[in-house]
Amino acid sequence: MSCHLPDADLGSEVNPSQSNMSAPQHPHLPGKAATPGAGDFSYVGIDAILEQMRRKAMKQGFELNIMVVGQSGLGKSTLMNTLFKSKVSRKSLVSTPEERIPQTIEIKSISHDIEEKGVRMKLTVIDTPGFGDQINNENCWQPIMKFINDQYEQYLQEEINIDRKKRIPDSRVHCCIYFIPPTGHCLRPLDVEFMRRLSKVVNIVPVIAKADTLTLEERDSFKQTVREELRANGIDVYPQKEFDEDADDRMINEKIREMIPFAVVGSDQEYQVNGKRLLGRKTKWGTIEVENIAHCEFAYLRDLLIRTHMQNIKDITSSIHYEVYRVRRLNETNGQPNGQPPNTLADPKPHFPVL
Ligand SMILES: Nc1nc2c(ncn2[C@@H]2O[C@H](COP(=O)(O)OP(=O)(O)OP(=O)(O)O)[C@@H](O)[C@H]2O)c(=O)[nH]1
Ligand SMILES: [Mg+2]
């Protein structure tokens, strides 16, 4: 954004020792509120950058791309709808009549524009078909990995274009919610393998699916087992310890790491509970309220993704995961016998091997 100051303002430098004015004056730009400390020459106004950034962010809005991955029937599509219908976007939704969510058969992105207190956000959820239905599930992560890498490739191609867009459309997967079946035992080899591979290319937030099927004791003990197994298998899920920037970060993230995996319950149906309409699952013995932290940990997941860590999730995607892809991809192109310099990459097809 370029800002042209009126000439009169630009040349209004004042030397306090020569000035006989009773109060020092600061040039104020038209339309801007006077800043605190504006009557003081030692005040430069650096703090006003926050207001400039806020205005820019308000204008641009925010984008977040979340992917849901896991075995078939674990409630991925339902949780995606829960996210859209929960407090995040309730205002922006028109309520739909009850209908069953069909089985997901292809990777599909759904976006919603959400606005709260003048701040706009485009939330995109990438729903994926559940795996585990095949007799041989050996390479079932390949389509997911390909999708993630394809988005990096698209971004890279836009970035290295000579005529690149002012704002590159960002379809990169910022976060992948991995659904663990609520077995109460231990992680299955397939889940370990899937998360091990995914964690190298994307931020993973593991969740225990359909947590309403576990008692509170089973839930706590399963959560602990999963944490231990992730550690034992060297799977680094979000928020990754090595990317904590300072002691504050470490303190906040340590608490999250102790809670992971979130035990979630999903529903896209609303019920009347104590006079309020709430998203829940109605059973014979009561209604499980999905946004109530006494019932399940869906609200913690939503807060992590949107309220507290959205920017960090995007930063890690951009500066770590995408960067690894970019460097590898450009090295690969340079290493070819007829390698072209990175800024003239002609082949839009990724040569990047599926991990
Ligand atoms: N008990 C319980 N059932 C759930 C929960 N979430 C979803 N379900 C039910 O589980 C079934 C499958 O839900 P989906 O959301 O279609 O599951 P999915 O993971 O998207 O399945 P695929 O598309 O086949 O991968 C539906 O009958 C849902 O109502 C939950 O948190 N608890
Ligand atoms: Mg589905």
Next item on the list: Obtain the nm distance between the two label points defined at ARG54 and GLU116 by a simple spin-label model: each point lies 7 Å from its Cα along the Cα-to-C-beta direction.
Entry: 1.7 nm
Notebook entry, point to check: Using the beta-carbon distance between THR215 and ASP47 and R0 = 56 Å, what value does 1/(1 + (r/R0)^6) give for FRET efficiency, to the nearest 0.05?
Noted result: 0.60
Notebook entry, point to check: When the Kirkwood radius is taken over all Cα pairs of region 221-340, what Stokes-Einstein diffusion coefficient follows at 25 °C and 0.890 mPa s, in µm²/s?
Noted result: 139 µm²/s
Notebook entry, point to check: Quick one: length gained pulling ASN137 to CYS186 fully straight, 0.36 nm per residue minus the C-alpha distance?
Noted result: 15.8 nm
Margin query: For a Förster distance of 45 Å, can you work out the FRET efficiency between the beta-carbons of ASP163 and ILE105, rounded to the nearest 0.05?
Written below: 0.75
Next item on the list: Identify all aspartates and glutamates with a Cα-Cα distance to LYS282 below 12 Å; exclude those on the same chain that are fewer than 8 residues away in sequence.
Entry: ASP212, ASP268, GLU270
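Read-outs: derived from the displayed coordinates by stated rules, not from any lab. The shown structure was predicted, so the numbers you read here are calculated from the model rather than taken from an experiment. Cβ sites come from the backbone with ideal geometry, for glycine too, and all protein chains shown count toward neighbours.
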